[in-house]
Structures are given as structure tokens and as C-alpha cells.
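Undergrad: Provided herewith is a single structure, encoded as C-alpha cells, for subsequent inquiry.
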Amino acid sequence: MDPVNDHFYGFGEKTGCLDKKGRRLRMSPKDAIGHDPEFGDPMYKHIPFYIRINEKTAYAIGLFYHNSYDSVFDMGQEVSGYWDRYCYYQTDGGDIDLFLINGPELSAVLDRYTMLTGRCALPTKQSLGYCASTMYYAELEDNCDQEIYRVIDKHEKEGILIDNFWLASGYSSGEEDNLRYIFNWNYRRFPNPEDFFKRMNARGINVIPNLKPGILKNHPYMNLFEENGVFIKNPGGDGDYYGRWWGGEGRFLDFTNPKARETWKMLLEDRILRMGTKTVWNDNCEMDGVEDRDAYCDFEGAGGTMAELKILHSNLMAFLGKQAIADVYPGERPYIINRAGYAGIQRYAQVWGGDNLTDWRTVKFNIATIVGMGLSGCANMGCDIGGFAGSVPEAELLLRWIQNGIFQPRFCLNSANNDNTVTQPWMYEENREYVKAAYAQRYRMLPYLYSLMYEANQNGMPAMRPLFLEFPEDKKCYSDNNFIFMFLEVDIQFAFAMEFTTSVLDTCSGKYTVQRRNQDECQHSRYRQTTDYGNRHRTPHLRTLSATDSHRDHTQNGSSRCHQYRTETALTRCHHRVDDRHTPLSTERDVVDEHNTVLHHNTDQHDTSQQTHYTQRTARKEQRHQDSTKCKRQREHDNERISQRLELCCHYDEYKLSLIHISEPTRH
């Protein structure tokens, strides 16, 4: 490795800075509750893929190790005086089945990697709206459904837009012992689950019940499980394996066993989906309770061990969810959520960053975690806003977290605060107007975000993008420590259709700048000089700064200036295009009149001078005629593109955009 010019990105879900040079990373998925956002490792997912870029050549190459055993990546942390600086991969077993994925552009690497492992599933539109969640709502002694109705009422009263509700596992608790029994319904808490889903659906709220793969000994379906032989076995296959689980010892479904999959799918359809939901939420699916790596799995009858198959259970759970939704709701687009997963999980599920810590550093480093997942093929990613583990966030922290979180594909507040409080968007009176503005901005961006998800589905490009993806020639982008990311990569034609509204969020100051260019501004900008940066950058972007970096540091940083240049240049090009559409073009009569005026003015000059002027004016007339014809064709092409993009992205009328006055962008 080149310790100066080489940079390493990806590795799936990892903490710390985006560039992993100098880090030692372990792939061994854990239930990493309350992990340190800067140094915590390992995490929930196992994606043995990274991208190596040399800043001198801007050449990108991807390396995918198709091996699901626990492994280690050392990207230059280890040093030996007998060797030049080096990096290495080490695995506990299996083959070194390495795919070298050539670029040279980073976008080409992502395209080919996702072509190999699977494109990102196209999400439902509703899934991109706000999702409320906390463990508290499903943990009351009785009538949790009534409490949830009141929570939805409160959102409406406060003007907080909401589309989804994550139902924590308390709904499945036993009425006597309060232990989790998946597929069971606690009828004291939810007296009529079908009616609960029906009422929530009628209000436009998608309820998403929690599912877990561990089974406790008093589970009401234990006889069915044992009869079908669904569990992972002890080493050698002599008896079921028991491991740590919520509430005591538990057994774990073997998703490599066809009988186990059939049993799980049957219960999922009958006890969850047919109740009225179309979404599957797979939690705790990293199988961390199976500590013996020699535990035996069926592996389609061939036999295998958890050392190799542990993380693959996560992908199989998501795959089963897709099958079950297709059976119960034919023709419906599946919406599946996973906490854990192996390479390729993106073709089935949205993922999230697990049980993060309530801390200022989490706001900052979760940006790199999400961007890193996007560079690992998982564009549909988010982290719990407000923090899941720890104390309730203070007012300033929660506000900055929300303002930053609206850019995440998964937009969700989720909490299990240790002081038994619930993190709510309206919990601090002094911040309510700012919070409402942030939520409105999120919903204003939904058509853009949905377009980005479609792009990820087509070519693997992430929604939240690092600067070096678009500026590979700018060396400062590779070592950006300000956690700047780019958002809203859209076509110029679509930007025109959305009235050229460009928004900028600075989370240092907490201010939004929402800019709409009117016709006068477009005409004025027609005469601005712009530099064609490699003729690559054509589109407006929305940018955000980290919550913890100073504004002064950003303005002094080269990569920030580079991004400012990109935004200005792209907008100027937009104005050139929109000026061509809206400025009345000169007719031939206008040109002839101007030409005749010039001729009459010069009647007293020599014939040669008159001929020169005549030639010049004739040439200008021909050029304007050509420009008029060209602009007419361009308008026809643009109108067709606008219609296509608007048909694709929709306007989210069904998702409460009527509450947002697009013609009057919120400003603070």
C-alpha cells in the first residue's frame, strides 16, 4: 500500500471516519448496543468489500472477499520494520474467493459490485416518510393501541408529518411473564390486532411489527417448532443448541433448513401480515446468541456450521419476508427492514445502524457510517435519530440530530432511554418551529429521494455521497474530516420541473437556505462566466455540514470550497438552460429590422463597409435562426424528460404534501 496516497472506503457498517486507512476492522456481527460511534467495532453487519483509491491517479478498484467467516481487515495499522507498509485480509476459514472489480471510476466499481451482489431494492414511497418508534409504546400494562392512537393524534396536532410506526416487540410479550414470544399477540395490550392495523391504515400509517429469531422455552408455538425440527443443533447435530437470549436461554431458528423456513413463513403470513401490515422488520438477526461457531446447521441437507453460516441467516430472513409478502399481497412492492446482513442484503431490505448511543459524536460519525454503507452497495440506510441507548438527548442535540437526519433514506426517531423517557420531536418547546421546518423540508425532498432510490436500484449509486465520488481530481476530498456529504443528484430537467428550488442546511448554525431562481435571476446569470469542470457536473446538489465541526473550519477547507464551486456552477448551468426556455427568442422580423437599421445608418459609408456590415448581420441572422431551431428541439426533449421524471417521482399527494406550501419555502 501507498501510505500517503492510498485511501480505503466501504467495509459495510463501520464507525469512525470514512477513510479507513490506518484502521484494523473486524467482521464478526454483534448486538452492539450503545457502541462507541468513533471507535466501536465490530458492528451488526458483515460486508467484506472495500474500495481502494489512489489520490494521485484517482483510480478506483473494488475488492470483494466472497467469504462469510469472521475476518479481519488491517488497512495499515500493523507495522513491521522489515517490510514496507502493507494491508491484509485474514479469515477464520473458507476460501480466499476474491473478486477484483476494476473502475477506474468509483461509480463503475459500485455499478459492477451491485451487479454482482444485487441491486438495491426499490423502496415503497411511504417508507421514505417519517417513522416514529420507541420501546415504550408497546410496553404498557394494557391498551397500548389506545396510547399509539394518541401518539398519532399528537403528531397531527403538532403539525409533524408521519407515515410509519415501528411497533416494538412488546406486542408479543407473554401476558403472565412479559417475555418475548415472536408471532404471539398480547391481547391485554392489543385486544384486537386486526382492528388496530385497520384503523392505523385508514389514517395512512404503516405499522411495522418487530420480529426476532430467538425462541424461549415457554413459547406458545413450541410444539410446532419441535415437531418440525426448526432449530440450530449442537456441534455434531445431537440436540438443539441453547444460547443467550432475551429473558433467558433460547433456541434459534435454522434458516438454512427448508422446514424451518416453511414454518417461519407460515407464521409470518398468518400472525403478522394477514393482520393488516405489508412490512417485515427483522431485529436481532445477527444471531449473536449462538456463541459456539461449531453449532450445526442443516444447510439445505449438506450440513454446515455457524462459523460459516451465522450471518447468512440474516439475508435468509429478509428473503423469506419478501416471499411471504408476495404470497399475502401479490403484486405489492415489499418493504423489509434488517438490522444485520451479509453482502447482498441490499437486494431485499432497508438497513439501519442498530442501537446507537445518545451522544454528540454519534451525530457526526453516523454520517460516515451511512456514507460508507452507500459505498458498500446499501444505499437505503439510516441511523436512529436522537440516539437509542443512553439518556434523553438535550434540546440542542436533538434539534441538530433531526436537522441532519432528514437527509438519511431511513428517517426515524427511535429510543430506549435509560431514564424511561421517550424521545419525541416536540419534546422541547423552544425547538418546535425549527423541528416542523425540518420535517417539512424532508417531505419537500421526497420526490428527489425517491428518484435517488430508483438510481440506486439501477446502477448502485448511493443517496448520500462523498465529495470524491464527484470530484475524484480534488485530492482534498479524499481526506475530508468535516463529514461533508452530497445529496440530491438529479437531472437538470427534473430540477426545472421542481422550480429550481435548492436547499442548503448548515447544521452548525441550524439554518436552512431555500433558494428559488426567478426569471430575472436566470436572465442575469446568462451572462455569468463558468468553468466547465471536466464537463462532468451538470446537476444541483443539496449539502450539509456536520453538527460538530465549526463553520470556520468548513470555509477554510479546500473540499468545502470545491463543493461550493460545484453547486454554483451547476446552478448557473441550470439558469442557462431555463433562460433558453423562458426568454422570448428574436423573430426573423426583429433580426431584419435590426439589420435594416444598421444599413440605413451606414448609407454614407463606402460600399465595402456596407457589404461588411451586411455580411455580419446576415451571419447573425442565420445563427439566431439555428439557435431558435435548436432551442425548440431542446424544449421538446426537456418536456418529455420532465414528464418521465415526474411520473417516476410523483408529488406525494398521498403523503401529506398538501400541508407543505411548495411555493413558499420555509426559511429560518
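Undergrad: Give the peptides 353-366, 199-212 in descending order of average Cβ contacts within 10 Å, highest first.
TA: Packing proxy ranking, top to bottom: 353-366, 199-212.
Undergrad: Between the stretch 329-372 and the stretch 178-257, what is the C-alpha centre distance in whole Å?
TA: Using only Cα atoms to place each centre, the spacing works out to 22 Å.
Undergrad: May I ask for the net charge around Gly12, where only other residues with Cβ less than 12 Å from the Cβ of Gly12 are counted and Lys, Arg are +1 while Asp, Glu are -1?
TA: After counting each charged neighbour, the total is +2.
Undergrad: Excluding Asn282 itself, calculate the net charge of residues whose Cβ lies under 9 Å from the Cβ of Asn282, where each Lys or Arg counts +1 and each Asp or Glu counts -1.
TA: Once positives and negatives cancel, what remains is +1.
Undergrad: Net charge within 13 Å of Phe49 by Cβ-Cβ distance, Lys/Arg positive one each and Asp/Glu negative one each, not counting Phe49 itself?
TA: +3
Undergrad: Next question, about the same structure. What's the magnitude of the charge dipole for the stretch 91-193 around its Cα centre, counting Lys and Arg as +1 and Asp and Glu as -1 at the beta-carbon? Answer in Debye, nearest 20.
TA: Magnitude of the dipole: close to 380 debye.
Undergrad: Pairs of Cα atoms under 8 Å, at least six residues apart: use those to get the relative contact order of the stretch 1-156, whole percent.
TA: Reported relative contact order: 19 percent.
Undergrad: In addition: When the Cα centres of the stretch 44-77 and the stretch 1-43 are compared, how far apart do they sit, in Å?
TA: A separation of 10 Å, based on Cα centres.
Undergrad: A follow-up question, please. Apply the Karplus curve 6.51 cos²θ - 1.76 cosθ + 1.60, θ = phi - 60°, to the phi angles in the stretch 374-380 and return the couplings in whole Hz, x for Gly and Pro.
TA: x, 7, 10, x, 9, 6, 8
Undergrad: Provide the packing ranking of 442-453, 167-178, i.e. peptides ordered by the mean count of other C-beta atoms within 10 Å per residue, highest first.
TA: 442-453, 167-178
Undergrad: Another one. Using only alpha carbon pairs under 8 Å that are at least six residues apart, calculate the relative contact order of the stretch 193-314 and give it in whole percent.
TA: 31
No lab work stands behind these numbers, since they all come straight from the coordinates. Given the structure is predicted, the values throughout are model-derived calculations rather than measurements. Positions of Cβ are generated from backbone atoms using ideal geometry, with glycine treated the same way; all protein chains shown enter the neighbour counts.
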